[in-house]
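The values are calculated or read from the model by the stated rules, or taken from the named source; none is laboratory data. All figures in this text were calculated on a predicted structure; none of them were measured in a lab. Glycine also receives a Cβ, built like all others from the backbone with ideal geometry; neighbour counts cover every protein chain displayed.
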Amino acid sequence: MNMFDPGRLVMVDIPGKSLDAETAAFLRAQKIRSVCLFRKNIGSETEVRALMRDLIDVLGPEALIGIDQEGGAVVRVTFLPQPPSAMALGAGGDADRAEAVGAAVARGLKSLGINWNFAPVLDVNNNPANPVIGERSFSNDPAEVTRLAAAWMRGSLREGVACCVKHFPGHGDTHVDSHHALPTVDKTRAELDALELAPFKALAGQAPAMMTAHIVYPQIDPDRPATLSPQVLGGILRRDWGYDGVVITDALMMKAVAERFGYARSAVMAIAAGADMVLAQGSPAEQLVAINALRDAFANGQLTQAQGDAANARLDRLAAAYPACFADDTAARAADHALVAEAWAAGLTALRGATPPALKAPIRVIVQGDVPTDMVSEAGPTGRQAVALFEAFTDAQIQMVDDIAQLDWRQVPQDGRVNVLVSTRRARYGQAAATWRPDLHLALWNPYQALDVAGPTVLTWGFAPGALAGLKAWLEGKTQATGRAPQGLQ
């Protein structure tokens, strides 16, 4: 084991699609062993492999290289087979398929040398107004979340990529996105045990790592979000459940933590609470704030050597069990693309008697042109991609709008054309949609938009190539929509 240095307890991000000399020197000097990759770091497959070779060389044999490759809209490496969102797998309902998808995701990551995936999501999305989880959750039923996430995780771990379940102790019942503000879930411990905590507790023995949530649970700890709470991390997770896997924070730069506690204080508070690693993104100067704060805290006794050694040992065990090395997935890649496409199609869900228009029927397709990324998910599908779904229709009129939430249904002609509303955006529509009456509503991202619009609706649960291919086949009458929406969406 390397001599313990607080830099080993900090995960950072890096600029660009290649490792420059200045960044490499910084990583070496600060004894950093863990880097999180984001979309900004992902070039071609050749570029990613070169970046990974350089990173592994700099970070050393105990490197932990993480990424968000959940599925659905949260997929950073888009040249790999793009897996279904969790709720698409939930709509399909097949645990064997979920396991196969988890394995396919891991094979793709392992082929690039990535050894830590921040997935699967164990949040129970029981709040239709949740702005950040939604289709990233397997279900609004904790038993279903547990069943399918366990299967997904089995597949990943079997293929040699560490999972990191998230966002402990549960982000499903929030109205606020913790990237932008501090959410609160005001529930008793008994209520949390029955819903939010249930999947985490059930899978704690299988999950090699957990990521924390920046959420205040005032009946557990009124003063600190879970990430910084000794009652939540040290109490529920470590003491009550005896969890001895790795605990990593969600990003400290998120406003829920950064604006209230700052980088330096929150890094120290997280390790003191029971976390093993802090995710400190930003410039090298910002990263140094967290690293130096930990160094000072260990030096002055605010954090003990025993705490540091325990955290470092857990991280060492994770790296030893799931080493960062390259595996060849050439033989499996084509089959894995087919597998995820089939899984997307199996989740396609028709509500309220939705049927495709006749291919020769005159139709009007109403769609927003472009949807920018919210920096958590990838950018939404373009209007052009939505229009391509209707290539087989002989009389399709396209009506592009700048912002679909501003659509005035009184301005939509009632001229005998079949009006097809296609949603390419993540956010719910709002009150304006109460007056919309499309003949067919296609929700390509947020399934809870089905609650905003009366009428026949089809849910794809995402917009990856497999999702769009499955929907196109349905529109052309080539396949059925056999998925089942969770309770409350049916």
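Remarks
- Considering segment 279-298, and only residues there that are at pLDDT 95 or above and among the charged types (D, E, K, R), the residue that is surrounded by the fewest Cβ atoms within 10 Å (Cβ to Cβ) turns out to be Asp296.
- As for segment 444-461, it holds no residue that is over 20 Å from Ser137 (Cα atoms), small (Gly, Ala, Ser) and buried (at least 22 other Cβ atoms within 10 Å of the Cβ).
- If the condition is being in a loop (DSSP other than H, G, I, E, B) and of a type in the set (Val, Ile, Thr), then segment 357-372 contributes only Val371.
- Candidates in segment 393-424 are the residues that are farther than 27 Å from Lys478 by Cβ and touching a residue at least 40 places away in the same chain (Cβ under 8 Å); of these, the one that is nearest to the chain's Cα centre (by Cα) is Leu407.
- Among the residues of segment 148-164, not a single one is closer than 24 Å to Asn446 by Cβ, basic (Lys, Arg) and part of a helix (DSSP H, G or I).
- The listed residues are Ala388, Ala405, and the only one of them that is surrounded by 14 or more Cβ atoms within 10 Å (Cβ to Cβ) and of a type in the set (Gly, Ala, Ser) turns out to be Ala405.
- In summary, helices (runs of 4 or more DSSP H) completely within segment 1-111 and bearing 1 or more residues that are over 17 Å from the mean Cα position of the chain (by Cα) and surrounded by fewer than 19 Cβ atoms within 10 Å (Cβ to Cβ) occur at 21-29, 45-59.
- Some residue of segment 68-82 being among the hydroxyl-bearing types (Ser, Thr, Tyr) and either in the same structural domain as Trp445 (by TED's automatic domain parsing) or closer than 20 Å to Lys166 by Cβ (or both): no
- In the set (1) closer than 23 Å to Trp116 by Cα; (2) touching a residue at least 40 places away in the same chain (Cβ under 8 Å); (3) touching a helix residue (DSSP H, G or I) at 6+ places or on another chain (Cβ under 8 Å); (4) not in a strand (DSSP E or B), Leu182 fails one condition alone, (1).
- First in segment 132-147 and assigned to a loop (DSSP other than H, G, I, E, B), second anywhere and surrounded by 24 or more Cβ atoms within 10 Å (Cβ to Cβ) and of a type in the set (D, E, K, R), Cβ under 8 Å, 6 or more apart: Ile133/Asp123; Ser137/Asp123
- Options Ala379, Ala392: the member that is assigned by TED's automatic domain parsing to the domain that holds Ala434, modelled with pLDDT of 95 or more and in a loop (DSSP other than H, G, I, E, B): Ala392
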